[in-house]
Amino acid sequence: MGSPVVHFEIHGGDSAAISDFYSSVFDWHIDADNPMNYGLVDTNADGSGIGGGVCASDMAPAVLIYVQVDDPQAHLDRIEAAGGRTVLPVTDIPGAVTMAIFEDPAGNKIGLVKS
């Protein structure tokens, strides 16, 4: 069985401005009331699609998708063997997620999240 895409992120220089933009054009509810000021996206799509996030980062501008895997480090090893490279090693954000980011051979950045 394949690994599903479970999350997206939109990175911008000004997370409040980018949140306002996407809220206004797609009727998304974006809640950044958390210590990391990470905008959690509820697309208000009645159960279809996937949720995501909006944030300011040094990768901006960028759009990332996140693929759910059982073992992020094992997948990073496979990715590097196939010609990709690790951008963010496996990182645990307590109470939230275990994640990593890689770059494919074409330069696309993709995230991994532990299932």
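Listing for the model above:
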| read-out | value |
| --- | --- |
| Residues being closer than 30 Å to Asp71 by Cα and of a type outside the set (Gly, Ala, Ser) - total across segment 1-32 | 11 |
| Test: residue in segment 95-114 that is farther than 17 Å from Val6 by Cβ, of a type outside the set (D, E, K, R) and crowded, with 17+ Cβ neighbours inside 10 Å | no |
| Count of residues meeting criterion [surrounded by 14 or more Cβ atoms within 10 Å (Cβ to Cβ), free of Cβ contacts under 8 Å to residues at least 12 places away in the same chain and of a type outside the set (Ser, Thr, Tyr)] in segment 21-42 | 1 |
| Complete set of residues in segment 77-115 that are within 16 Å of the chain's Cα centre (by Cα) and of a type in the set (A, V, I, L, M) | Val87, Leu88, Val90, Ile93, Ala96, Val97, Met99, Ala100, Ile101, Ile110, Leu112, Val113 |
| Pair list, Cβ < 6 Å and 6+ apart or interchain, from segment 62-85 residues that are touching a residue at least 40 places away in the same chain (Cβ under 8 Å) to residues that are outside any strand (DSSP E or B) | Val67/Ser3; Gln68/Ser3; Gln68/Pro4; Gln68/Ser115; Val69/Ser3; Val69/His75; Asp70/Ser115 |
| Close pairs from segment 2-16: first under 19 Å from His75 (Cα atoms), partner aliphatic (A, V, I, L, M) and part of a loop (DSSP other than H, G, I, E, B), Cβ under 8 Å, at least 6 apart | Val5/Ile50; Val6/Ile50; His7/Ile50; Phe8/Ile50 |
| Residues of segment 77-111 satisfying the condition of being in contact with an Asp or Glu (Cβ under 9 Å, 6 or more places away or on another chain) and within 17 Å of Gly52 (Cβ to Cβ) | Met99, Lys109, Ile110, Gly111 |
| Residue in segment 75-92 that is loosely packed, with under 14 Cβ neighbours inside 10 Å, of a type in the set (D, E, K, R), within 30 Å of Asp14 (Cβ to Cβ) and at pLDDT 95 or above present | yes |
| Single condition Pro72 does not satisfy, out of (1) touching a Leu at 6+ places or on another chain (Cβ under 6 Å); (2) loosely packed, with under 11 Cβ neighbours inside 10 Å | (2) |
| Residue count, segment 39-48 (criterion: assigned to a loop (DSSP other than H, G, I, E, B) and under 16 Å from Val6 (Cβ atoms)) | 4 |
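The values are calculated or read from the model by the stated rules, or taken from the named source; none is laboratory data. Small disclaimer: the values here were computed from a predicted structure and weren't measured. Every residue, glycine among them, receives a Cβ derived from its backbone with ideal geometry; neighbour counts consider all protein chains shown.
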